[in-house]
Amino acid sequence: MKKQPQPETIVHKDYSVIIPPNTLRDRAMSIGGKSKDGFDTEALERAEQALAALADDFSQWMHDESAKLEAAREVFHTDPSNDDNMQTLYRAAHDIRGQGRTFGYPLAGELADGLCDLLDGAENMDEKTVELVDAHIDAIRAVVRDGVRDEKDMTARVLIGELRSAREAIIGVDRFVKLTAEVY
Amino acid sequence: MIRVDFNKLRFLVIDDNAHMRRILRTLLHGFGAREVYEAEDGAAGLEAYTTYLPDIVITDWAMPIFDGLELTAMIRKPGANSNPYAPIIMLTGHSEKSRVLRARDAGVTEFLCKPISAKALYQRILNVVVNPRPFVQTKDYFGPDRRRTPSANYVGAERRGSGEVEVIEQQPLYNKARGAM
């Protein structure tokens, strides 16, 4: 029976360094091809083309996400202080935050990002905060319903600015430092 | 010159959003992967991890039952499963610095912010295959070495506590290959 490769462990006073066996490199990496670092531009192009082929569905998917957000709002309104209700709403907003731009609705993503910050940062769900939550959801729904895809849309930008000011009045300025470039 | 064959790698994608799973599957197949398994929450993800023994895990953070952070902690828990070393790529809408640090401290290997880009995902996968990091175990951490590169300018206290700094370099295979050419 073939012996499984074992990790190598180097024990120090307060910590150990463990070098796992390089099974992935051994199995998947080989010498050859056209790239010095393994970056296969043809594979990347194939993947991008496959993603582009899905794009016809993106608009419908965005409408699905918007409907999911509305359903989560209804649950949230039954008891805004209930943590499960808030988590349901948060996950719906969080999905749009992550997917809005991919689906061609960057403004919906930006608005959802603000909504997540509000839900993350608000100390409690008082009447004023719930109103602001609703205002964010209304804006996201409007952007999706009206097919506003231009990131520079003047009306939307004004609204986003107003929502930001209202949000900062509740959760503070620059409460969440965002990393947008290459991160960890 | 090196080549990474995605068709020799087994992926597990964990995300509660069906659209995102579809996008990830599409990209991974585009890269050349054949084996892509899916799970829709942290609990199903852990079960799939023990069943399918994936080579690389791509997980969301915010999920029902238990989230991507808890899932990472469970995978990394020494003795809890047969492979605590699998690379975990966290793909999430969270981009707050504090969240990135929490994910790092839970033991994720790579962190990737949504919106997803094919190139960024490809680069992360390549990195975990070609440049694997050693693992470190302290009394309160088990996971990939959080020091990606030794800092010559670091003047603070030695946080691992032993006073000695030892960075174990892993020689990438392609460097060895180049040297032999």
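The values are calculated or read from the model by the stated rules, or taken from the named source; none is laboratory data. Since we're looking at a predicted model, the values are computed, not measured. Cβ: placed from backbone, ideal geometry, glycine included. Neighbour counts: every protein chain shown.
Candidates are the residues of the stretch A:83-142 that are among the acidic types (Asp, Glu) and within 16 Å of A:Arg157 (Cβ to Cβ); the one that is farthest from the chain's Cα centre (by Cα) is A:Glu110.
The residues in the stretch A:65-102 that are at the interface with chain B (Cβ under 8 Å from one of its Cβ atoms) and either touching a residue at least 40 places away in the same chain (Cβ under 8 Å) or closer than 22 Å to A:Glu151 by Cβ (or both) can be counted, and the count is 9.
Would you say B:Gly42 is in contact with a strand residue (DSSP E or B) (Cβ under 8 Å, 6 or more places away or on another chain), within 25 Å of B:Asn131 (Cα to Cα) and buried (at least 22 other Cβ atoms within 10 Å of the Cβ)? Working first, answer last.
Numbers: in contact with a strand residue (DSSP E or B) (Cβ under 8 Å, 6 or more places away or on another chain): yes; within 25 Å of B:Asn131 (Cα to Cα): no; buried (at least 22 other Cβ atoms within 10 Å of the Cβ): yes.
Spelling it out, it is not the case that B:Gly42 is in contact with a strand residue (DSSP E or B) (Cβ under 8 Å, 6 or more places away or on another chain), within 25 Å of B:Asn131 (Cα to Cα) and buried (at least 22 other Cβ atoms within 10 Å of the Cβ).
For the stretch B:70-84, the criterion of being in contact (Cβ under 8 Å) with a residue 60 or more places away in the chain, under 22 Å from B:Lys8 (Cα atoms) and within 12 Å of chain A (Cβ to nearest Cβ) is met by no residue. Scanning the stretch B:102-134 for residues that are within 9 Å of chain A (Cβ to nearest Cβ), touching a residue at least 24 places away in the same chain (Cβ under 8 Å) and of a type in the set (A, V, I, L, M) gives B:Ala103, B:Val108, B:Ile116, B:Ala118, B:Leu121, B:Leu126, B:Val128, B:Val129, B:Val130. Residues in the stretch B:25-39 that are in a helix (DSSP H, G or I), in contact with a strand residue (DSSP E or B) (Cβ under 6 Å, 6 or more places away or on another chain) and buried (at least 19 other Cβ atoms within 10 Å of the Cβ): B:Leu28 only.
Can you find a residue that is in contact with a helix residue (DSSP H, G or I) (Cβ under 9 Å, 6 or more places away or on another chain), in a loop (DSSP other than H, G, I, E, B) and modelled with pLDDT of 95 or more anywhere in the stretch A:112-119? The answer is no, given that none of the residues of the stretch A:112-119 is in contact with a helix residue (DSSP H, G or I) (Cβ under 9 Å, 6 or more places away or on another chain), in a loop (DSSP other than H, G, I, E, B) and modelled with pLDDT of 95 or more. There is no residue in the stretch A:169-179 that is touching a strand residue (DSSP E or B) at 6+ places or on another chain (Cβ under 9 Å), closer than 14 Å to A:Gly109 by Cβ, part of a loop (DSSP other than H, G, I, E, B) and modelled with pLDDT under 95. How many residues does the stretch B:51-66 contain that are more than 10 Å from chain A (Cβ to nearest Cβ) and outside any helix (DSSP H, G or I)? Within the stretch B:51-66, residues that are more than 10 Å from chain A (Cβ to nearest Cβ) and outside any helix (DSSP H, G or I) number 7. Would you check if A:Ala142 is surrounded by 15 or more Cβ atoms within 10 Å (Cβ to Cβ), at pLDDT 95 or above and farther than 18 Å from B:Ile116 by Cα? Judged against the criteria, A:Ala142 is a match. Residues in the stretch A:120-138 that are small (Gly, Ala, Ser) and either surrounded by 23 or more Cβ atoms within 10 Å (Cβ to Cβ) or at pLDDT below 95 (or both): A:Gly121, A:Ala122.
Before we move on, is A:Phe39 surrounded by 16 or more Cβ atoms within 10 Å (Cβ to Cβ), at pLDDT below 95 and not in a helix (DSSP H, G or I)? Answer is yes for this residue.
Every condition in (1) modelled with pLDDT under 95; (2) farther than 21 Å from B:Arg22 by Cα; (3) crowded, with 21+ Cβ neighbours inside 10 Å; (4) within 15 Å of the chain's Cα centre (by Cα) holds for B:Leu101 except the one numbered (3). Taken over the stretch A:144-158, residues that are over 15 Å from A:Met62 (Cα atoms), within 19 Å of the chain's Cα centre (by Cα) and hydrophobic (A, V, I, L, M, F, W, C) amount to 0.
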